[in-house]
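Reviewing the structure listed below.
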Amino acid sequence: MITFAEIKRSVLVSLWFMFLTFPIMVVRVNPIEEVIEWRWRNLIIIGVGSFAISFVWRYMMERKEAGLKRKEAGGEKPPLVKRIMDRPRLSRSIVGLVVAFVCVFPFLFSTYQVTIMSTALIYVMLGLGLNIVIGLAGLLDLGYVAFYAVGAYSYALLNFHFGVGFWIALPLGGLLGALFGILLGFPVLRLRGDYLAIVTLGFGEIIRLILENWNDFSFGPSGIAGISRPGFFGIDMSLNTATTYVYFVLIGLVILTVFFVNRLQNSRIGRAWIALREDEIACQAMGIDKTRTKLTAFALGATWAGMAGVVFAAKTTFINPASFTFLESAIILSIVVLGGMGSIPGVILGALVLILLPEYLRAFSDYRMILFGGILVLMMVFRPQGLISGVRRVYQFKGNGEKAPNGGSGS
Amino acid sequence: MEYFIELFLGGLTRGSIYALIALGYTMVYGIIELINFAHGEIYMIGAFTALIVASVLTLLGFNELSILVIASLCAVIWAASYGFTIEKLAYKPLRKAPRLSALISAIGMSIFLQNYVLLAQTSDFLPFPALMPEFGFLEPYAHIMSSAEVIIVLTTALVMAALTFLIKFTRLGKAMRATAQDRDMALLSGVNVNRVISFTFIIGSATAAIGGVLIASHIGMINFYIGFIAGIKAFTAAVLGGIGSVPGAVLGGMVLGWTESFATGYVSSDYEDVFAFTLLVLILIFRPEGILGRSTTQKV
Amino acid sequence: MEPILDVKSMTMDFGGLRALDRLDLDVRKGEIAALIGPNGAGKTTFFNCITGLYSPTQGDILITRPGRDPERINGLKPNHVTEKGLARTFQNIRLFQNMTVLENVMIGRHCRTRTGVAGAMLRLKSARDEEQTVVDHSYHILERIGLSRFVNELAKNLPYGAQRRLEIARAMATDPFLLLLDEPAAGMNPQETRALDDLIKKIRDEEGISILLIEHDMKLVMSLSDRIFVMDYGRKIAQGSPDEIKNDPKVIKAYLGEDPDA
């Protein structure tokens, strides 16, 4: 039931937001013609909108608090992924459907669609890489895009100067990414969480500014064009075929990434990352080398960014520093946060939603960045575990008479 | 020598602005240990509000001085309101959450506000009216320091003095210091912690808006993105001086201002932002407690 | 008998505050020693110094691993101290909340295992074998500590007493020769405390691990300890057998304050 008191509160909220947004939303100055545009319609939209949203907000808040209480009482619902995994037939048919769709996709849809999907797949790779750093090891890296740039520029430059091909550049890009990860990681990983975020942001910007200003090395803001697409035993490909080919290369890389990341997170190393995220001091007291463990996570995350960079350069055949701004890091962060930190299916879903939605809903595309920003806030406030939360692995061991329930693979 | 003085005074002006913005970072961090990423955006919104109000008043035919006063006042009021609202929406629900969550929320808020202004206004640079009065008696020295620069430095000094007074000698200041020391203890001794935090955001945002108006009318151009770079630089200033310390923010702002001024003057102007970022990275690595800060031992 | 932990004249200053003042303490092989004292006496600081979280201002910390010569461990990083065979628990429980009980114990095995990134990604045979050994070993420890029914629960969902026991299990997984327990009975009910008493004795008798514990529950301390050290204001004010300590006037004074009749 909506009470009078609630309505009064919402009216106040709505009035407050009308006041707050008044100068920015209603008045627009055209300085050249010296006219002022009064957009009163916006005021009404804000008023009505914030009135309605305030109800939803309160409802969500109450739900969240009720959820917390339920959690404390121990009556938590198992996460969706776990419920699906508990039913092997269902999970197998889901996987089967996805595989079938992925394989026929480029033959059903236009080249344009395939290009968009490839872009989304690059973000899947980036998201999974950043997920190691943020989701598993709990290190907020805001300069992740720097390693992406390292990968892209190493392929572009090697290709430009020495004609190095994609397949050689791919592991090289990953390696260079890792190297940069270690170089940057070494001094900064001693820092506390929030300082780490700022320093990595600073590093990311420094790398971009260098790329922008060091013309002799990176060709400055104009970037590098004419980068070779991936080759396939020297066969000439039409643009369409090449696009499809890049798509499948990316599918392969994504599968490889999922495969490796899944293994890593359920290994000795992955456990150490998660423990580090949970409690640094206890972690050290249990004999884990903090610096080394962080560095491994940092370097591995950078490796994937480096490889994604190589693919990006090969896919677009043109790169410039504008592709590697802080906003790009923020987009990747949104993907991880929306999907669920530490959850592989979550990150994949996050990337597909955030990259494909603005592409397909044209009306959305202008609101892309504001959406990303909003998502970061709303997810943190209402659903910090993301759309699909991570699931801890259940192990099999000798000595327990019956088999452990739901034994098998992790999240 | 004259070039040196020019750079020195230029650095002083820059530094004053950084200090004004850095105050907000430092006060918020001191109290809730959050890097308020959206703080740079508050400064930007302050500048935009002043621009909008000034344009409206100009068309209505107000005189220059009253435009300056009313526009600045509006900038302060609205920026403070934004600061207040942001805290309530994006940070308050996360008080008990891990620190990383609040930081991510702050980053989201920053991106949101940038694009909000971009969508509601424009992505172009807008010319900002020259609101600040010219002092005749400074005319002969205009080539080393303009009236506007003098006003910036003086305003900063005034704001600092007021803030220091507020924190040292008022009830609110005492409550702020208590909350910064130990939030739970302050709560138990009857401090209304929520109100103190709100006030901190309001005061921090108001000073940022003053900075926004000053720099915008000095440089004469604003767009939706000015908050991002300014925010990071001001954060650098806050950390440089020792985060959580008000005099530290001023000192940090000055040091950063001079570093930039001299580095761009004597070395290269292409890498202006690189100097600031490099300084930030270096301090955080080698002296994260800053110049005036004290190192703390982690509680076990 | 040779001490396995020998702390000589250790001092720890925080700025102007002296938290530990020339403290001497030793633990012998196979004994259960207790460190007691009023709140704020510096007991936990002492643990933090030994385990490398703090670096003591002065003094020596010597350990003697089984079958080795004594070595100085001042200034070693916490993880290296653990590698050398000192493991600890925390007064304010510091479990890995969002990991399962078994995984918490498996983390303890980290420093005794070797699998690297390549081994994990390629899931080499050596990695798989090691992983299975870790799982089995960890489960075995849980059985001995009496937590096996919680194996797959998240640590944060455990009852309080079980969380304290899990801290001990996790520490034991690092193969220590000396276990440092920081108020293991805090917040436990009498029943749980009795079970803890048995558990600690069992660890000493069956695993051959020596124990140094900080505890406020005097009944537990008196029942367990071979020797007791008493601290007040960062200094050691007494040491001896439980009976000696019980009747030591200095100890009584430290706990009860000045004798009103004196």
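The values are calculated or read from the model by the stated rules, or taken from the named source; none is laboratory data. Not measured: the values here are computed from a predicted model. Glycine also receives a Cβ, built like all others from the backbone with ideal geometry; neighbour counts cover every protein chain displayed. With ligands, DNA and RNA removed, areas are computed over all heavy atoms of the protein, side chains included. Shrake-Rupley method; radii C 1.70, N 1.55, O 1.52, S 1.80 Å.
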Considering lysine pairs in chain A that are 8 or more places apart or on different chains, how many have Cα atoms under 25 Å apart?
9
Number of partner chain Cβ atoms within 10 Å, mean per residue of A:18-24:
6
Please list, in order along the stretch C:97-112, the HN-Hα scalar couplings obtained from phi with the Karplus expression 6.51 cos²θ - 1.76 cosθ + 1.60 (θ = phi - 60°), rounded to whole Hz, x for Gly and Pro.
4, 9, 10, 6, 4, 4, 4, 4, 5, 4, 4, x, 7, 3, 6, 9
Under the rule that an exposed site lies in a DSSP loop and has at most 10 other Cβ atoms within 10 Å, name the longest stretch of chain B with no trypsin sites (Lys or Arg not before Pro) of that kind, not counting the sites themselves.
B:97-293
Percent relative contact order of the stretch A:4-73, based on C-alpha pairs within less than 8 angstrom and at least six residues apart?
34
Take the eigenvalues of the Cα gyration tensor for the protein assembly as shown, scale each by 5, and report the square roots as semi-axes in whole Å, largest first.
50, 38, 28
How large is the helix-only mean residue ellipticity at 222 nm for chain A, computed as the sum of -39500 (n - 2.57) over DSSP H runs with n ≥ 4, divided by its residue count, in deg cm²/dmol to the nearest 500?
-23500 deg cm²/dmol
Solvent exposure, largest accessible area first (probe 1.4 Å, DNA, RNA and ligands not counted), of A:TYR395, C:TYR54
C:TYR54, A:TYR395
How many percent of the accessible area of the stretch A:4-73 is carbon or sulfur, using a 1.4 Å probe?
68
Given labels modelled 7 Å from the Cα in the Cβ direction, how far is it in nm from C:ARG149 to B:ALA130?
8.3
Mind telling me which of B:LEU214, B:LEU113, B:LEU59 comes out most flexible in a GNM of chain B, alpha-carbon contacts under 10 Å?
B:LEU59
Could you tell me how far the Cα centroid of the stretch C:187-262 sits from the Cα centroid of the stretch A:119-187, in Å?
56
If you find the alpha carbon centre of the stretch C:114-180 and of the stretch B:10-88, how far apart are they in angstrom?
54
Enter the accessible area of A:ASP236 (Å², nearest 10), with the probe set to 1.4 Å and all protein chains included.
150
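Based on the Cα atoms of chain C, what semi-axes does the equivalent ellipsoid have, where each is the square root of 5 times one gyration tensor eigenvalue, given in whole Å with the largest first?
33, 22, 16
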Order by accessible surface, 1.4 Å probe, largest leading, for residues B:GLU260, A:GLU212, B:GLU2 comes to B:GLU2, A:GLU212, B:GLU260
If you filter the stretch B:39-140 for GluC sites (Glu not before Pro), then keep DSSP loop positions with at most 12 other Cβ within 10 Å, what is left?
B:GLU134
For the stretch C:102-151 the mean separation of alpha carbon contacts under 8 Å (6+ apart) over residue count, i.e. relative contact order in percent, is 45
Would you mind telling me which residue in B:GLY248, B:GLY173, B:GLY204 has the biggest mean-square fluctuation in a Gaussian network model of chain B, where springs connect alpha carbons within a distance under 10 angstrom?
B:GLY173
In deg cm²/dmol, rounded to the nearest 500, the helical mean residue ellipticity at 222 nm of chain C, built from -39500 (n - 2.57) for every DSSP H run of length 4 or more, is -11000 deg cm²/dmol
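Given the pairs B:LYS96/C:LYS246; C:LYS201/C:LYS250; B:LYS88/B:LYS168; C:LYS77/C:LYS253; B:LYS174/C:LYS253; B:LYS174/C:LYS156, which span a C-alpha to C-alpha distance of over 32 angstrom in this model?
B:LYS96/C:LYS246; C:LYS77/C:LYS253; B:LYS174/C:LYS253; B:LYS174/C:LYS156
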Shielding of B:49-58 by partners, i.e. mean partner chain Cβ atoms within 10 Å per residue?
4
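Take every residue in peptide C:49-56, count the Cβ atoms of other chains within 10 Å of its Cβ, and give the average of those counts.
2
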May I ask you to list the trypsin sites (Lys or Arg not before Pro) in the stretch A:123-220 that are in a DSSP loop and have at most 15 other Cβ atoms within 10 Å of their Cβ?
A:ARG190, A:ARG192
Here the relative contact order (percent) of chain B, from C-alpha pairs under 8 Å and at least 6 apart, is 36
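Could you sort C:ILE93, C:ILE200 by accessible area so the largest value comes first, with the probe set to 1.4 Å?
Result, largest first: C:ILE93, C:ILE200.
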With a 1.4 Å probe and ligands and nucleic acids left out, the total accessible area lost when A pairs with B, in Å² to the nearest 100, equals 5300
Using a Gaussian network for chain B with springs between C-alpha atoms less than 10 Å apart, which of these wobbles most: B:ALA22, B:ALA148, B:ALA97?
B:ALA97
